[in-house]
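Let me begin by presenting the structure, written as structure tokens, before commenting on it.
Every number in this text was worked out from the coordinates using simple rules, so none of it is lab data. Computed from a predicted structure; not experimentally measured. Cβ atoms come from the backbone with ideal geometry, glycine included; neighbour counts cover every protein chain shown.
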């Protein structure tokens, strides 16, 4: 919407007053994108719905053709009118009233008072930045070349262009703010590309949601500007409508093109322009269309994952994750009207998985000394098959548990004691039995906003199960045989796994090479086989091998 102010120069205002046909090209970074050239405002029920500009102008004329008079349709291309140039202004700052603070990953706040008594507060939540940043907040004292009537209050946020991972809130509180025609504005640098910005109002308190640092403020709108605002808003409305229609059949369009940001921004500005009653019908129709678009995108995604669509391949999860990414964004923007019924509940059946586990450990010991000879050989192998993992509706985590099955258990140990024994005493131990004593539990975290190799980030958390291992003991010094049972956590974590404090659980990134591989289809991902070997104090050597297979098992 940065070109909007270009129409408010003397010639632009004169044209708006005389013809009432101004529809500015909309190009706001945080609000609107290019919608079309100058044309008459489009009605919600107009046949031009979704298109802001007529490409041809046609009319009928009477012509004599082969001796007969006929009505002939004649069309001529409309010559495009020049786009308004972005408005650059000169901003003066009141450095004496500036405020600085260190913005940390935990957030931060700054407050100041302008020369006219307005109180400005910047509140940045935790998680907006990953590192400490020195922030400077400076009030605007004046703007030269400003096309509106009067600046109520404004502020320059630095460092210029700082992107926030979570939106901040700028609040302007003044003792007296004129009722009616207020507009928010923003600009880059120190006055480049001035454009409108969404602004909310409650009494004498104005607020704006901010995702990056630049200049922001509020101003009073003239009568002539009202005509331009209406035309601009209608043009952007038509452009958003067009994008929503595409998103209804292509969920990736909903997630990747910024249409939800534009929808949110357009409605926020329309709310601030409540003094333009013509916008009411546009708001209602755009809301209805956006709600239907999300429902259609959910339906398309469900068909793709379940293979029920006409051309939908089974196990296609990309559309599901596109919708989930869009849902994340809609929730962050507070677009609750698009989240009923909750899309995550609708897609829960698409995010059902099964997990297979194979784990094997071998150990060997062969030592000899003056006092004893010690040999040991053991092998334990367990597996878990088709452990169901289902998504928790409303969350990004799927969980399940299953029983371990012991497939191999062998143990043989011999100790021959020489010192002080004649003849030497020999003790032997053999494996007797092994049985699961605790189920293994899994949780699968899915983060659609983070992509790894074009696939959503997935982290497997393993809460090991346990098996009880029984051995017998018998020594030549006695005729008795004893039994001993030990419980072992299976599978244990490997070096490099992220352990979870206060528990035996650990985390394994499924898609992280070289062991994690995305496959797609029925077998969605594999991990391993991963093998490690080592030696513990005392000379015992070991080799451990593990592998996971994640299968996609959607409800059909």
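Data for the structure
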| item | result |
| --- | --- |
| Relative packing of peptides 202-211, 149-158, 537-546 - highest average C-beta neighbours within 10 Å first | 149-158, 202-211, 537-546 |
| The range 126-270 - convex hull of the alpha-carbon atoms, volume per residue in Å³ | 132 |
| Cα gyration tensor, the range 351-552 - rounded (a/c under 1.5), prolate or oblate | prolate |
| Prolate/oblate/rounded call for the range 195-286, Cα gyration tensor, a/c under 1.5 rounded | oblate |
| In Å, descending, principal axis extents of the Cα set of the range 266-343 | 51, 24, 17 |
| Modelled FRET efficiency - R0 30 Å, residue 403 with residue 523, Cβ distances, 0.05 increments | 0.85 |
| Residues in the range 454-472 that a label on residue 430 would reach, taking backbone N under 18 Å of a point 7 Å out along Cα→Cβ | 469-472 |
| Set of the range 214-242 residues, backbone N closer than 19 Å to the point 7 Å along the Cα-Cβ line of residue 98 | 214-217 |
| Over the range 476-556, volume per residue of the alpha carbon convex hull, in Å³ | 211 |
| Contour minus Cα-Cα distance for residue 192 and residue 246 (0.36 nm per residue) | 16.2 nm |
| Inter-centroid distance (Cα atoms) of the range 326-390 relative to the range 500-556, Å | 8 |
| Highest to lowest packing among 113-126, 328-341, scored as the average C-beta count within 10 Å | 113-126, 328-341 |
| Cα gyration tensor shape for the range 155-226, rounded if a/c is under 1.5, else prolate or oblate | oblate |
| Relative packing of 460-467, 436-443, which averages over residues the other C-beta atoms within 10 Å, highest first | 460-467, 436-443 |
| Rounded to whole Å, sorted largest first: equivalent-ellipsoid semi-axes of the range 300-368, Cα gyration tensor | 42, 19, 9 |
| Difference of contour (0.36 nm per residue) and Cα-Cα distance, residue 90 to residue 149 | 19.7 nm |
